[in-house]
Amino acid sequence: MMLPRIGKLDTEAFERFIFPHLGAESSRVILGPRHGVDAAVIALDDAPAGSRKVMVVAEDPTFGMPVLLDNFGWGIVHICASDVAVMGIKPQFLSICLLLPPETEPALLDGIWRQVDEECKRLGIAIVGGHTGVYPGIAYPLNGGCTVWGFGNESELTPASAARPGDTLVVTKGPAIEATAILARQAEPQLKAKLGIQLVDAAKALFYQMTVVPDALLCRNYVRAMHDATEGGLLGGVYEMAAASGVGVTVYEERIVTNDAVKAVCGYFEIDPLVAISEGTLVAAVPPEKVNELKAAAWQAGLPLYEIGEFTAGTRRFMRRDGKEEPLLPVKEDPFWQAYFKAVMK
């Protein structure tokens, strides 16, 4: 087998190399490593199942792309905190390993760290530890691993593995948010020449939608399961949620609302926005009786939210606009990466 050329490992690689070797077993691990699940859940007491106090913990790296260095600290906090928020638990603590290339300017470190501090204060997250250093072999600043965790009750959890047949499939904002925001910054001159200044500026502004922390904290009282559509995009996120839950799903292409800037930028790079990395797109399973309440809450908060399908007891399928049915499959490699490095080479 071949590993992906870039990006996170695919399902086959995880099954072969990672999941068979998970260290010592512990009865306190309620939810450990699983496909499509964003964070781990650890029991903090011996109360009966369903009523335990729990800790939710997640870790993520963040690649310091040159065009994102002005916003790198913001991105670190929101990308990592999102994985805890989608579990229905408020992010509360953060530890970070920040790696810097030789000859990094002090002003750059100061700017990154001030952003981390500012966003943590805004979200109510305490920075409690980590490691920061300068090392050879690193081209750009790198979040080598940011760990975020929070505490709550087991009954509050909304893991991606909890979707049930009959639940409504909803998403926030739409597809390819991250892919569009980054590509618009990396290829700004050529995109403005082709698409116009206004459209490209709108695409660049999507950067600050690359978070599901507010989405998840608003939705958590109405949903059964949530997931953050990162690599593999919206359809990849839906597949991961259905697979983690052991259920089927039907997704309707005609119900997916795609931002005009997303259409334009993804069209320029000839990539499918439905499978391109989309940090900031929340995928959720909602009990039917809660859908209208959630839609009202989202409308009041100004959060775009769309019903795009339903979870079922059947197969996993994607219904095209023309009525053609396709199997919904895992995304082997996110098309964003090829587009990004194509832009870098130009």
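Can you confirm whether ASP215 is touching a residue at least 40 places away in the same chain (Cβ under 8 Å), part of a helix (DSSP H, G or I) and either under 27 Å from GLU254 (Cβ atoms) or charged (D, E, K, R) (or both)? It is true that ASP215 is touching a residue at least 40 places away in the same chain (Cβ under 8 Å), part of a helix (DSSP H, G or I) and either under 27 Å from GLU254 (Cβ atoms) or charged (D, E, K, R) (or both).
Every residue, every condition in (1) farther than 24 Å from VAL286 by Cβ; (2) outside the structural domain of TYR340 (by TED's automatic domain parsing); (3) surrounded by 23 or more Cβ atoms within 10 Å (Cβ to Cβ); (4) among the aromatic types (Phe, Trp, Tyr), yes or no:
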site: VAL37; (1), (2), (3), (4): no, yes, yes, no
site: VAL41; (1), (2), (3), (4): no, yes, no, no
site: LEU44; (1), (2), (3), (4): yes, yes, no, no
site: VAL57; (1), (2), (3), (4): yes, yes, no, no
site: ILE76; (1), (2), (3), (4): yes, yes, yes, no
site: GLU103; (1), (2), (3), (4): yes, yes, no, no
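Beta carbons closer than 7 Å, at least 6 apart along the sequence or on distinct chains, pair a first residue in segment 300-318 that is modelled with pLDDT of 95 or more with a second that is among the acidic types (Asp, Glu) for LEU303/ASP215; GLU310/ASP167; PHE311/ASP167; ARG317/GLU325; ARG317/GLU326; PHE318/GLU253; PHE318/GLU326.
If only one of ALA176, ALA187 is more than 30 Å from ASN292 (Cβ to Cβ) and of a type in the set (A, V, I, L, M, F, W, C), which one is it? Within the list ALA176, ALA187, the selection yields ALA187. Return a yes/no flag: does segment 278-289 have any residue that is surrounded by fewer than 20 Cβ atoms within 10 Å (Cβ to Cβ), in the same structural domain as GLN198 (by TED's automatic domain parsing) and assigned to a helix (DSSP H, G or I). So far as segment 278-289 goes, yes, one or more of its residues are surrounded by fewer than 20 Cβ atoms within 10 Å (Cβ to Cβ), in the same structural domain as GLN198 (by TED's automatic domain parsing) and assigned to a helix (DSSP H, G or I). Scanning segment 145-155 for residues that are assigned to a strand (DSSP E or B) and buried (at least 17 other Cβ atoms within 10 Å of the Cβ) turns up GLY145, CYS146, THR147, VAL148, TRP149, GLY150, GLY152. GLN338: out of contact with any Lys or Arg (no Cβ under 7 Å at 6 or more places or on another chain), exposed (fewer than 12 other Cβ atoms within 10 Å of the Cβ) and not in a loop (DSSP other than H, G, I, E, B), yes or no? Against the criterion (out of contact with any Lys or Arg (no Cβ under 7 Å at 6 or more places or on another chain), exposed (fewer than 12 other Cβ atoms within 10 Å of the Cβ) and not in a loop (DSSP other than H, G, I, E, B)), GLN338 does not qualify. Taking residues in segment 1-25 that are small (Gly, Ala, Ser), and partners anywhere that are surrounded by fewer than 14 Cβ atoms within 10 Å (Cβ to Cβ), the pairs with Cβ atoms closer than 8 Å and at least 6 places apart or on different chains are ALA13/MET1; ALA13/LEU3.
Take GLU326 and decide whether it is modelled with pLDDT of 95 or more, within 20 Å of SER161 (Cα to Cα), more than 20 Å from the chain's Cα centre (by Cα) and part of a strand (DSSP E or B).
On the way: modelled with pLDDT of 95 or more: yes; within 20 Å of SER161 (Cα to Cα): no; more than 20 Å from the chain's Cα centre (by Cα): yes; part of a strand (DSSP E or B): yes.
So GLU326 fails the test.
Going by the structure shown, is LEU94 under 23 Å from the mean Cα position of the chain (by Cα) and either hydrophobic (A, V, I, L, M, F, W, C) or not in a helix (DSSP H, G or I) (or both)? Criteria met by LEU94. In segment 23-35, which residues are closer than 26 Å to GLU279 by Cβ and either exposed (fewer than 14 other Cβ atoms within 10 Å of the Cβ) or touching an Asp or Glu at 6+ places or on another chain (Cβ under 8 Å) (or both)? Result: ILE30, PRO33, HIS35.
The values are calculated or read from the model by the stated rules, or taken from the named source; none is laboratory data. Because the structure is a prediction, the values reported are computed rather than measured. Virtual Cβ from ideal backbone geometry, glycine too; neighbours counted across all protein chains shown.
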